[in-house]
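The values are calculated or read from the model by the stated rules, or taken from the named source; none is laboratory data. All values derive from a computational prediction rather than experimental measurement. Positions of Cβ are backbone-derived with ideal geometry, glycine not excepted, and every protein chain shown enters the neighbour counts.
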Amino acid sequence: MTSLKLVDINGKNSGTLEASDKVFSRTPKESVVHLALTWLMASKRQGTASSKTRTEVRGGGKKPWSQKGTGRARSGSIRSPLWRGGGVNFGPKPRDFSHSLNKKTREAAIAMVISDKAISDKLKVVDQELPASGKTKDMASFLEKLGALNSLMVFDGAEEKTIRSAKNLKGSKLVPSKDINVLDVVSHDWLLLDKAAVKSLEKRYAGK
């Protein structure tokens, strides 16, 4: 079992919590995490970039000048890719960048990045209810007391007001454990959990 630090809402240590090694003390594999990151980032790409080929650019139906006799290079259309205002050779077209990645790999990667936070002493478990005033400044003050301004908060026991107060936080994000992903974990300095989230993560990833 792994001992996780427990803190209260004032940032003071209040003991430890025993948690599964399979989720909080797993050896990270860079190749597995990389696969999960590229899969997630590819699925977020819109793929709407588009350029016109010479057949799609309006105009250019008339031959600019005679084939022979002018002394200039032969040309068939002012919409040739060689001309300004012409089409684009091999330009981008709308496409789907997403690809498949098996569920076992995705879930293993999440357990690995969570473990990396725990091993790096960048993970804290909050053993009290968060400020439920609904005010962003109260949530910011809470994070400041914890010394974790750039944090991903994974709280399953958070009230609606608490969730609302975190929406406008700069650099921090609050999500339920079911919505945790590799990109969010690695892009934040800290990982904050409540006890309900710890149990949920163990139940979901301990067997992976």
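Among the residues of the stretch 24-44 satisfying the criterion of being over 13 Å from the mean Cα position of the chain (by Cα) and among the hydroxyl-bearing types (S, T, Y), which is modelled with the highest pLDDT?
My answer is S31.
With (1) at pLDDT below 95; (2) surrounded by 10 or more Cβ atoms within 10 Å (Cβ to Cβ); (3) in a loop (DSSP other than H, G, I, E, B) as the list, and L4 as the residue in question, which single condition is left unmet?
If we test L4 against (1) at pLDDT below 95; (2) surrounded by 10 or more Cβ atoms within 10 Å (Cβ to Cβ); (3) in a loop (DSSP other than H, G, I, E, B), just (3) comes out false.
Suppose we filter the stretch 7-42 for residues that are touching a residue at least 24 places away in the same chain (Cβ under 8 Å) and out of contact with any Leu (no Cβ under 9 Å at 6 or more places or on another chain); how many remain?
So in the stretch 7-42, the residues touching a residue at least 24 places away in the same chain (Cβ under 8 Å) come out as 7-11, 14-15, 17, 19-20, 22-29, 32-33, 35-37, 39-42.
Restricting the remaining residues to those that are out of contact with any Leu (no Cβ under 9 Å at 6 or more places or on another chain) gives 8, 22, 25-29, 32-33, 42.
Number satisfying all stated conditions: 10.
Tally time: how many residues in the stretch 155-171 are surrounded by 14 or more Cβ atoms within 10 Å (Cβ to Cβ) and part of a helix (DSSP H, G or I)?
Total satisfying the criteria: 5.
Filter the stretch 172-202 down to residues that are among the charged types (D, E, K, R), farther than 25 Å from S43 by Cβ and either out of contact with any strand residue (DSSP E or B) (no Cβ under 7 Å at 6 or more places or on another chain) or not in a strand (DSSP E or B) (or both), then give me how many there are.
Step one: of the stretch 172-202, the residues among the charged types (D, E, K, R) are 173, 178-179, 184, 189, 194-195, 199, 202.
Now drop any that are not farther than 25 Å from S43 by Cβ, which leaves 194-195, 199, 202.
So of that shortlist, the ones also either out of contact with any strand residue (DSSP E or B) (no Cβ under 7 Å at 6 or more places or on another chain) or not in a strand (DSSP E or B) (or both) come out as 195, 199, 202.
Qualifying residue count for the region: 3.
Assess whether S115 counts as being hydroxyl-bearing (S, T, Y) and closer than 30 Å to S3 by Cβ. Break it down stepwise before answering.
Numbers: hydroxyl-bearing (S, T, Y): yes; closer than 30 Å to S3 by Cβ: yes.
Here the answer is yes, as S115 does meet what is asked.
Does G134 satisfy the condition of being free of Cβ contacts under 8 Å to residues at least 24 places away in the same chain, surrounded by fewer than 18 Cβ atoms within 10 Å (Cβ to Cβ), among the small types (G, A, S) and assigned to a loop (DSSP other than H, G, I, E, B)? Walk me through how you get there before you give the answer.
Values: free of Cβ contacts under 8 Å to residues at least 24 places away in the same chain: no; surrounded by fewer than 18 Cβ atoms within 10 Å (Cβ to Cβ): yes; among the small types (G, A, S): yes; assigned to a loop (DSSP other than H, G, I, E, B): yes.
Answer is no for this residue.
Report yes if some residue within the stretch 76-90 is of a type in the set (D, E, K, R) and free of Cβ contacts under 8 Å to residues at least 60 places away in the same chain; otherwise report no.
First, the residues of the stretch 76-90 that are of a type in the set (D, E, K, R): 79, 84.
Those left that are additionally free of Cβ contacts under 8 Å to residues at least 60 places away in the same chain: 79, 84.
So far as the stretch 76-90 goes, yes, one or more of its residues are of a type in the set (D, E, K, R) and free of Cβ contacts under 8 Å to residues at least 60 places away in the same chain.
Could you please give the count of residues in the stretch 2-60 that are closer than 26 Å to L130 by Cβ and among the hydrophobic types (A, V, I, L, M, F, W, C)?
Going through the stretch 2-60 one residue at a time, the tally reaches 8.
Given the criteria of a type in the set (S, T, N, Q), assigned by TED's automatic domain parsing to the domain that holds Q128 and buried (at least 18 other Cβ atoms within 10 Å of the Cβ), does S20 qualify? Steps first, answer last, please.
Working: of a type in the set (S, T, N, Q): yes; assigned by TED's automatic domain parsing to the domain that holds Q128: yes; buried (at least 18 other Cβ atoms within 10 Å of the Cβ): yes.
When the stated conditions are applied, S20 passes them.
Show the residue pairs meeting these rules: Cβ distance below 7 Å; 6+ apart or different chains; first residue within the stretch 184-199 and more than 14 Å from S115 (Cα to Cα); second residue among the acidic types (D, E).
Taking only residues 6 or more apart or on different chains, the pairs are D194/D156; K195/D127; A196/D156; A197/D156.
Got a sec? Which of S31, S100 is polar (S, T, N, Q) and either touching a helix residue (DSSP H, G or I) at 6+ places or on another chain (Cβ under 8 Å) or part of a loop (DSSP other than H, G, I, E, B) (or both)? Walk me through how you get there before you give the answer.
Values: S31 fails: either touching a helix residue (DSSP H, G or I) at 6+ places or on another chain (Cβ under 8 Å) or part of a loop (DSSP other than H, G, I, E, B) (or both).
Within the list S31, S100, the selection yields S100.
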